[in-house]
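Values in this text are rule-based calculations from the coordinates and carry no lab data. Just so it is clear, the structure is predicted and the values come from calculations on it, not from any experiment. Methodologically, a virtual Cβ is constructed for each residue, glycine included, from the backbone with ideal geometry; neighbour enumeration extends over all protein chains shown.
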Amino acid sequence: MEKPNVRRRLPTLIQAIVFVLLCGLYGCSLQLVSPFDPTTESEIQQIEKDIDYFYLTMRSIPTDERLFAAYSNQYIKIDVQIRSLARRQLLREKNQETIKQTQILEAFWQQDMKDHKSKSVLSDFIIKRRLDQYHRLLNALLRGELAKKS
């Protein structure tokens, strides 16, 4: 009784294995996060600059003159920028972490607006604390977006 010709089948089997491996390596890359978005990067940087300018300008005047009414338009301008960033993130696929971070940013900003309105003025301590808070939050957002570049 003859054995099946293993030598003829071996090259075909090796070719099939190589083909599957090549397809897996080159043709079917798995992407777990959204791709880098330069517009998101620039929006985050602009929001950070605007928040810095907002609080540093406020800190430069006497505490009793830091009335909410004098800053309400700037609060709204920054709120619009943050909401725009949040909406942009919702439209991007595989972007859950950035969506959560922008929602936190949005909630903090709206709460800080309400707090200033109810207290009427802000102390230097509160301004410093808020600047630190927004720097941490926006830096985390920016680092996350930049990590998508590679």
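Among the listed pairs K77/K128; K114/K149; K94/K128; K49/K100; K100/K149, which are separated by more than 27 Å between their Cα atoms?
K114/K149; K94/K128
Can you list which of the GluC sites (Glu not before Pro) found in segment 76-150 are DSSP loop residues with at most 16 other C-beta atoms within 10 Å?
Qualifying residues, ordered by number: E93.
Out of the trypsin sites (Lys or Arg not before Pro) in segment 100-150, which ones are loop residues according to DSSP with at most 13 other C-beta atoms within 10 Å?
K149
At I61 and Q46, where each label point lies 7 Å from the Cα along Cα→Cβ, what is the point-to-point distance in nanometres?
My value for the distance between the label points is 2.5 nm.
Taking N as the number of residues in segment 38-147, what is its alpha-carbon radius of gyration divided by 2.2 N^0.38 Å?
Compactness ratio reported: 1.08.
Using only alpha carbon pairs under 8 Å that are at least six residues apart, calculate the relative contact order of segment 38-147 and give it in whole percent.
Relative CO of segment 38-147 lands at 44 percent.
For a Förster distance of 22 Å, can you work out the FRET efficiency between the beta-carbons of L142 and Q110, rounded to the nearest 0.05?
Using R0 = 22 Å, I get an efficiency of 0.55.
Counting other beta carbons within 10 Å of each residue's own, what order do M113, M58 fall into, fewest first?
M113, M58
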